[in-house]
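Input: a single structure, listed below in structure tokens.
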Amino acid sequence: MQDRTHQESGFTLLEIMLVIFLMGMTVSGVIMTMSSAGPDQHLKKEAARFIGVLELAEEEALLSSIEMGIVIEEQHYQFVYLDDNDKWSAFNDSKFFAKKELQEDMLLSLELAGLTAQGSLLGDRKLFADDDGLFEDNGGLFEGDDKQARIEPDIFIYSSGEITDFTLTFTYIDADLGDSSIKVQFDEYGDLMINSTMDGF
């Protein structure tokens, strides 16, 4: 009786192959659904991806005692951290915090404390706008072409667990059907909310 019980408790090779096949079919179905999804699904997907990575960054900042931030551009966003030289640097070796590109018919807009971010917040980030003359930095004095671009985050993720209050809007541009958007909001009470022009989200 013991030998029979031991034999019946395992899985046959055919059963394992069947499970792998079914899992593969499920993943393929999800990919096909996402690739053929309309604007609403694309917006939901991008908002969900942003929230997921933001929550990971919040945990990373708290557990590793580092200051982090997010650089917001019109069609991409980038997580950064404050390095040992007190300079903001990109995560070059992290697939989670790597630059996230949006598709070309989708745009980002940022509001901080009710004010729409413009100019330097969504433009080129350099230590100084003027390209001529001398300026002073931690590395010494540089002239003209020796100036280096410097990252400045728009949203701050502190090692204390606090995050800058913000509203980030994902907008899908559609000339035929009209624009649709979804907003990810982090308020002063530490609540993360989603507001949408779409139904059912």
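The values are calculated or read from the model by the stated rules, or taken from the named source; none is laboratory data. All figures in this text were calculated on a predicted structure; none of them were measured in a lab. FYI the Cβ positions are ideal-geometry reconstructions off the backbone, even for glycines, and counts take in every protein chain you see. Ligands, DNA and RNA are excluded from the accessible area calculation, which covers all protein heavy atoms including side chains. Shrake-Rupley method; radii C 1.70, N 1.55, O 1.52, S 1.80 Å.
Just one of the listed residues (102, 63, 82, 56) is under 22 Å from residue 158 (Cα atoms), modelled with pLDDT of 90 or more and under 12 Å from the mean Cα position of the chain (by Cα), namely 56. If the condition is being among the polar types (S, T, N, Q) and open to solvent by less than 70 Å² (accessible area, probe 1.4 Å), then region 78-90 contributes 78, 89.
Considering 75, 41, the condition of being out of contact with any His (no Cβ under 7 Å at 6 or more places or on another chain), modelled with pLDDT under 90 and surrounded by 11 or more Cβ atoms within 10 Å (Cβ to Cβ) is satisfied by 41 alone. For region 133-179, the set of residues classified as modelled with pLDDT of 90 or more and over 25 Å from residue 62 (Cα atoms) consists of 169, 170, 171, 172, listed by residue number.
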